[in-house]
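Before any comments, here is the structure.
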Amino acid sequence: MIHVKGYAAKNAKASLVPYSFERREPGDNDVVIDIKYCGICHTDIHQVSDEWGGSTFPMVPGHEITGIVSQIGPKVTRYNKGDKVGVGCFVDSCRTCTACMKNLEQYCTAGMVTTYNGVGKDGIPTQGGYSNQIVVDENYVLRIPDMLSLDRAAPLLCAGITLYSPLMHWNAGPGKKIAIVGLGGIGHMGVKLAHALGAEVTVLSHSLKKQEDGRKLGADHFYATSDPETFKKLKGYFDLIINTVSAEIDWNQYLELLTLDGSMVVVGIPEKQIPVGSFSLVAGRRSIAGSLIGGIKETQEMLDFCGKNNITSEIEVIQIQQVNEAYKRILNSDVRYRFVIDLKSLEL
Ligand code: NAP
Ligand code: ZN
Ligand code: ZN
């Protein structure tokens, strides 16, 4: 077994503390990755707090992992020692269902094996990237383009793909008016990606505090949702709204902002259910849909697109010892725009 150091929550809502555990020896198709950086996704907080139910402890969170391959199994063909790689939200899936066959492993009907808070095919609970090493089947590992730095690329593994996938699926591009609701970790990647794809991008944020940042990230327009005038002015304006907010907000109000046949895609996953009224949908033949991260093939495409267009996340690098304070700041929307843990700090 491989002895690993990390940080874990021992119970629901507990602070994260140092935690040692073991990972499997690499099998034929496994690569061992020395983790350099791991982003903090709001999902880590939902799961540590057991807001969605079913969390298991001790839990080592983290699914925005970048690092260097340090060892490979005898049958590995895609990676070599020294390669720059990443791991996102899942580390395995059934590989045979319709979704897996379509490269949409995130919708695997047997359930993807999540990077943490899941159970591997070996029956061992999975543990995430707030740790110094991880062992992953090469088919679930991503290549990080050379020109991207490992710290700024880490959030692409969840935040990047979570916005790239719906932008591609709903054909974001020139002539499309797109709103990103919530300028947090995943939202700011949405602004960068939609702008790079040539769409007109509007940020809907709860205040105007981040307006200047929004423009720098590539937004054409910026509005505060705390101002009722915003909803009057933008009625019927957007082709696509991507809702990234982690808290309960009135989705019906946002549906009104869609043009004929427009779609609102929900990616934020608040703790409580939000009711949607029929009139919000029937008027204007509007759609409401959801989207979950992206498959391995699309995640690699997104990374290559980011490599070509030099797109990375805006980050604040922290030491692992600051992780609990970072969680509090995320809950106060006080993050510009992703915390990334430097795992060297595990040695301090
Ligand atoms: P984050 O960095 O905390 O950003 C969330 C943003 O939502 C905040 O920056 C804030 O933006 C806005 N917000 C927060 N509380 C609000 C409130 N009470 N009212 C209105 N706006 C509020 O979180 P994240 O990491 O981007 O994740 C966002 C959500 O997406 C989480 O629920 C996470 O679990 C989910 N997620 C889903 C997927 C998927 O595959 N579907 C993948 C990753 C994450 P403003 O300050 O601009 O208003
Ligand atoms: Zn995530
Ligand atoms: Zn499957």
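Annotations
- Expected 222 nm ellipticity per residue - DSSP helices of 4 or more, -39500 (n - 2.57), all of the chain, to 500: -6500 deg cm²/dmol
- Label point distance in nm, Asp250-Ser149, each placed 7 Å from Cα along Cα→Cβ: 4.3
- Model label zone, Asn80; criterion: amide N under 12 Å from point 7 Å along Cα-to-beta-carbon; scope segment 114-146: none
- Classification of segment 160-290 by its C-alpha gyration tensor yields a rounded form. The axis ratio a/c (a ≥ b ≥ c) stays under 1.5.
- Segment 80-121 and segment 286-348: distance between their alpha carbon centers, rounded to Å: 19
- Amide H to amide H distances under 5 Å link Asp83 with Val69, where only residues 5 or more positions off or on other chains count and H is placed in the peptide plane.
- Take every Cα pair under 8 Å whose residues are at least 6 apart in sequence, average their separation, divide by the length of segment 160-290, and the relative contact order is 20 percent.
- Note, ³J(HN,Hα) from phi for segment 335-345, Karplus 6.51, -1.76, 1.60, rounded to Hz, x at Gly and Pro: 9, 10, 10, 8, 7, 10, 8, 8, 6, 4, 5
- Fully extended contour minus Cα-Cα distance, from Val119 to Asn171, at 0.36 nm per residue: 15.2 nm
- Nearest-20 debye value, segment 160-290 charge dipole, Cβ charges on Lys, Arg, Asp, Glu: 160
- Selection from Ala196, Leu240, Ala224 lying farthest towards where the dipole of segment 160-290 points positive, charges on Cβ: Ala196
- Residue pairs exceeding 28 angstrom between C-alpha atoms, taken from Lys81/Lys344; Lys210/Lys235; Lys81/Lys216: Lys81/Lys216.
- Local electrostatic count at Ile45 - Lys and Arg +1, Asp and Glu -1, tallied over other residues with Cβ under 14 Å: -3
- Were the residues from His3 through Gln322 laid out at 0.36 nm apart, the gain over their Cα-Cα distance would be 112.5 nm.
- Electrostatic tally near Thr77: other residues with Cβ closer than 14 Å to its Cβ, Lys and Arg +1, Asp and Glu -1, net -1.
- Shape call, the chain: gyration tensor on alpha carbons, a/c limit 1.5: prolate
- Relative contact order for the chain: 18 percent, from Cα pairs under 8 Å spaced at least 6 residues apart, divided by residue count.
- Which listed pairs, of Lys209/Lys233; Lys75/Lys192; Lys13/Lys121; Lys10/Lys192; Lys192/Lys233, have C-alpha distances above 31 Å, in listed order: Lys75/Lys192; Lys10/Lys192
We did not get these values from a lab; they are worked out from the coordinates using the rules stated. Not measured: the values here are computed from a predicted model. FYI the Cβ positions are ideal-geometry reconstructions off the backbone, even for glycines, and counts take in every protein chain you see.
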